[in-house]
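The values are calculated or read from the model by the stated rules, or taken from the named source; none is laboratory data. The model shown is predicted, which means the values in this text are computed figures rather than measured ones. Methodologically, a virtual Cβ is constructed for each residue, glycine included, from the backbone with ideal geometry; neighbour enumeration extends over all protein chains shown. Remember, those area values only see protein heavy atoms, side chains included, never the ligands or the DNA or RNA. Shrake-Rupley method; radii C 1.70, N 1.55, O 1.52, S 1.80 Å.
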Amino acid sequence: MPCPDARQQGSKVAGSGSAKALPEMARIATKRGARPGIDGNHAPEKYNGDMPGNSFGELFRVTTAGVSHGPGYMAIIDGCPPGLPLSVEDLLPDLRRRRPGQSKIVTQRKEEDTPEIWSGVFEGKTDGTSIGILFHNTDQRSQDYGDIRDKYRPGHADFTFDAKYGFRDYRGGGRSSARETLCRVAAGGIAKKLLAEQGMRILGYVKQVGSVVANVPDPAQITLEQVEANPVRCPEETAARQMIALIEEVRKDQDSIGGICELVATGVPPGLGEPVFDKLKADLAKGLLSLPAVMAFEYGAGFAVATARGSSNNDTFIRKQTGKIGTETNRHGGMLGGISSGEPIVCRVALKPTSSLPQSQKTVTRTGEPTEIATRGRHDPCLLPRFVPMGEAMVALVLADHWLRWRAQCGHGATS
């Protein structure tokens, strides 16, 4: 939390009868918490803030660092078991699905996004120690952001970063840039490989762009080949063509459009997840909502349960042909009580339209003066196509973490 300004501190001191402390408290507030352009104070003499929240996971833990207009990004993955075959080539497929410039309906920024594995792998296998991965930034145009140095972009974190820290890296958004997700996608590639050894698969696709909705009767049957058959990553051909046309239309209008990504995990054994606070659904929600532009999360039947009756919403338990117990339907989205049921885990996230627009928008400066802004640079008219591997990565990170937690607590003797 940013420090209160001098007036807030002063009122507290005066109320406690310590009026003599007011000048000193005002000095401390100015030194530690002054926020130019917000409180009207001078620049702080010393920056004493910090940036927590850069790590995710308990046993499979990922830490990222870097900004989009700095020299590069770093990712550290802790907790990966030793002996997992791993190379740069294992990480490239999803990184290429995420990178810019892959089609005409995404940003044309050119970044190879080739990872360098600095530690944690020996003779082609993970050695059980921290895996360090480095990416170099190569196609920066920091001059494109000079105009927003003292302006707040609508829909961005400019104002809130100023409110928290008193200043910000205005070049592309700094730490809030979506480019940070390349670290997550790399880490997710490792998690995917670990999960695949246990028979688990994660796949995402674009379910909706604007008002165009794909018809996907059974998410668990969708294949990677279907998803990658078109640049919008929608497995239904008719809807994909309509989505592409809509994205091109809004781009010509110097606008953007949002949509929905659906994610499905198959082969997940029953029993993953912790009751109460660390429910599997809660961690999936946290992980996916931590991604840039995500505004909503739902799983299973989602918000449709608001109009349903219990008699029609409950999934009936049956003995399946495999001999295992399961449910006849999957309105619960593969999770009951926050613990996996063995059915496919199906969830969806809604993404807002890209906030950076080349058309003029009203805003204010850091001092509150009305002005207008047109964001320069190269931006996606729709975030959904490049978001798919990001969503898959976060689902994989959550499942890998909970699989390790389940194994540590219950061992191999648990029901699966």
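Where residues in region 54-86 are hydroxyl-bearing (Ser, Thr, Tyr) and open to solvent by less than 40 Å² (accessible area, probe 1.4 Å), which of them is modelled with the lowest pLDDT? First the steps, then the outcome.
Going through region 54-86, the residues hydroxyl-bearing (Ser, Thr, Tyr) turn out to be 55, 63-64, 68, 73.
Within this subset, residues satisfying the condition of being open to solvent by less than 40 Å² (accessible area, probe 1.4 Å) are 64, 68, 73.
Values: Thr64: 96, Ser68: 82, Tyr73: 95.
Per the stated criteria, the residue is Ser68.
Can you name every residue in region 307-321 that is part of a loop (DSSP other than H, G, I, E, B), at pLDDT 95 or above and exposed (fewer than 10 other Cβ atoms within 10 Å of the Cβ)?
Listed by number, the residues that qualify are Arg309, Thr316.
Is one or more of the residues making up region 187-203 free of Cβ contacts under 8 Å to residues at least 60 places away in the same chain, closer than 23 Å to Ile105 by Cα and outside any helix (DSSP H, G or I)? Working first, answer last.
Residues of region 187-203 free of Cβ contacts under 8 Å to residues at least 60 places away in the same chain: 196.
Keeping just the survivors that are closer than 23 Å to Ile105 by Cα gives none.
Within region 187-203, none of the residues are free of Cβ contacts under 8 Å to residues at least 60 places away in the same chain, closer than 23 Å to Ile105 by Cα and outside any helix (DSSP H, G or I).
What is the number of the single condition among (1) closer than 26 Å to Val305 by Cβ; (2) outside any helix (DSSP H, G or I) that Leu399 does not meet?
Failed condition: (2).
Which one of these does Cys347 not meet: (1) touching a helix residue (DSSP H, G or I) at 6+ places or on another chain (Cβ under 7 Å); (2) open to solvent by 60 Å² or more (accessible area, probe 1.4 Å); (3) in contact (Cβ under 8 Å) with a residue 40 or more places away in the chain?
The failed condition is (2).
Does Glu89 satisfy being modelled with pLDDT of 85 or more and surrounded by fewer than 19 Cβ atoms within 10 Å (Cβ to Cβ)? Give the steps one after another, and end with the answer.
On the way: modelled with pLDDT of 85 or more: yes; surrounded by fewer than 19 Cβ atoms within 10 Å (Cβ to Cβ): yes.
It is true that Glu89 is modelled with pLDDT of 85 or more and surrounded by fewer than 19 Cβ atoms within 10 Å (Cβ to Cβ).
Please find, among Gly377, Gly368, Gly326, Gly342, the residue that is at pLDDT 95 or above and either surrounded by fewer than 18 Cβ atoms within 10 Å (Cβ to Cβ) or part of a strand (DSSP E or B) (or both).
On the way: Gly377 fails: at pLDDT 95 or above; Gly368 fails: at pLDDT 95 or above; Gly342 fails: either surrounded by fewer than 18 Cβ atoms within 10 Å (Cβ to Cβ) or part of a strand (DSSP E or B) (or both).
Of Gly377, Gly368, Gly326, Gly342, the one residue that is at pLDDT 95 or above and either surrounded by fewer than 18 Cβ atoms within 10 Å (Cβ to Cβ) or part of a strand (DSSP E or B) (or both) is Gly326.
Name every residue in region 58-78 that is in a strand (DSSP E or B), more than 15 Å from Val398 (Cβ to Cβ) and not aliphatic (A, V, I, L, M), in order of residue number.
Thr63, Thr64, Gly66, Gly72, Tyr73, Asp78
Report the residue count in region 351-364 for those that are open to solvent by less than 30 Å² (accessible area, probe 1.4 Å), in a strand (DSSP E or B) and not hydroxyl-bearing (Ser, Thr, Tyr). Spell out the reasoning first.
If we filter region 351-364 for residues that are open to solvent by less than 30 Å² (accessible area, probe 1.4 Å), which is where we start, we get 351, 354-357, 363.
Filter once more, so that each one left must be in a strand (DSSP E or B): 351, 363.
Still in the running and not hydroxyl-bearing (Ser, Thr, Tyr): 351.
Within region 351-364, residues that are open to solvent by less than 30 Å² (accessible area, probe 1.4 Å), in a strand (DSSP E or B) and not hydroxyl-bearing (Ser, Thr, Tyr) number 1.
Across region 218-233, which residue is nearest to Lys192 (Cα to Cα) among those that are open to solvent by 60 Å² or more (accessible area, probe 1.4 Å) and assigned to a helix (DSSP H, G or I)?
Leu224
With (1) at pLDDT 95 or above; (2) under 25 Å from Ser290 (Cα atoms); (3) out of contact with any helix residue (DSSP H, G or I) (no Cβ under 6 Å at 6 or more places or on another chain); (4) open to solvent by less than 10 Å² (accessible area, probe 1.4 Å) as the list, and Met243 as the residue in question, which single condition is left unmet?
The failed condition is (2).
Kindly indicate which of Asp158, Asp169 is over 26 Å from Arg331 (Cβ atoms) and in contact (Cβ under 8 Å) with a residue 40 or more places away in the chain.
Numbers: Asp158 fails: in contact (Cβ under 8 Å) with a residue 40 or more places away in the chain.
After applying the criteria, what remains is Asp169.
Residue check: is Ala304 among the small types (Gly, Ala, Ser), part of a helix (DSSP H, G or I), surrounded by fewer than 18 Cβ atoms within 10 Å (Cβ to Cβ) and modelled with pLDDT of 95 or more?
On the way: among the small types (Gly, Ala, Ser): yes; part of a helix (DSSP H, G or I): yes; surrounded by fewer than 18 Cβ atoms within 10 Å (Cβ to Cβ): yes; modelled with pLDDT of 95 or more: yes.
Yes: the conditions hold for Ala304.
If you go through region 247-268 one residue at a time, do you hit one that is under 30 Å from Ala408 (Cα atoms) and in contact with a Ser or Thr (Cβ under 6 Å, 6 or more places away or on another chain)?
yes
Take the residues in region 194-217 that are touching a strand residue (DSSP E or B) at 6+ places or on another chain (Cβ under 8 Å) and closer than 30 Å to Ser119 by Cα, then tell me which one is most open to solvent (accessible area, probe 1.4 Å).
Arg201
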